[in-house]
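Beneath this line is the structure, given in structure tokens, with notes to follow.
The values are calculated or read from the model by the stated rules, or taken from the named source; none is laboratory data. All values derive from a computational prediction rather than experimental measurement. Ligands, DNA and RNA are stripped out before the accessible areas are found, and what is left, the full protein with its side chains, is counted by its heavy atoms. Shrake-Rupley method; radii C 1.70, N 1.55, O 1.52, S 1.80 Å.
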Amino acid sequence: MTINHLIVGAAEVSKSVEFYCKFIGFQKTLDDPCLQGGQVLKNDKSELLIIPFPENRLPNPVHFAFEVNNINEFNLLLQRA
């Protein structure tokens, strides 16, 4: 199992983008985030979508998407969970 992508809400998308690029090594992309003001970032293993979100609702939303190789691996992980 690997992490495919993460979605993180931010009061100030540009500051979050700067942090994730400068300190963690993500790169900005031209991918359409489907949300006005959002930004898709990538590194060699995963994607991160920063979305604009009201400060009074932070630190949510956060969304983790995991990737499995097949249904058997999924079922084993589901049983473990």
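On full extension, the segment bounded by VAL68 and ALA11 gains 17.3 nm, given 0.36 nm per residue less the C-alpha separation.
Taking only protein heavy atoms into account and a 1.4 Å probe, give the accessible area per residue of the chain in Å².
Value for the chain: 76 Å² per residue.
Rounded to the nearest whole angstrom, the semi-axes of the ellipsoid equivalent to the chain, taken from the Cα gyration tensor as √(5λ), stand at 26, 15, 11, largest first. Of all DSSP-defined beta bridges confined to the chain, some 65% are antiparallel rather than parallel. Taking the accessible area of the chain, probe 1.4 Å, and keeping the other protein chains in place, the carbon and sulfur fraction comes to 54%.
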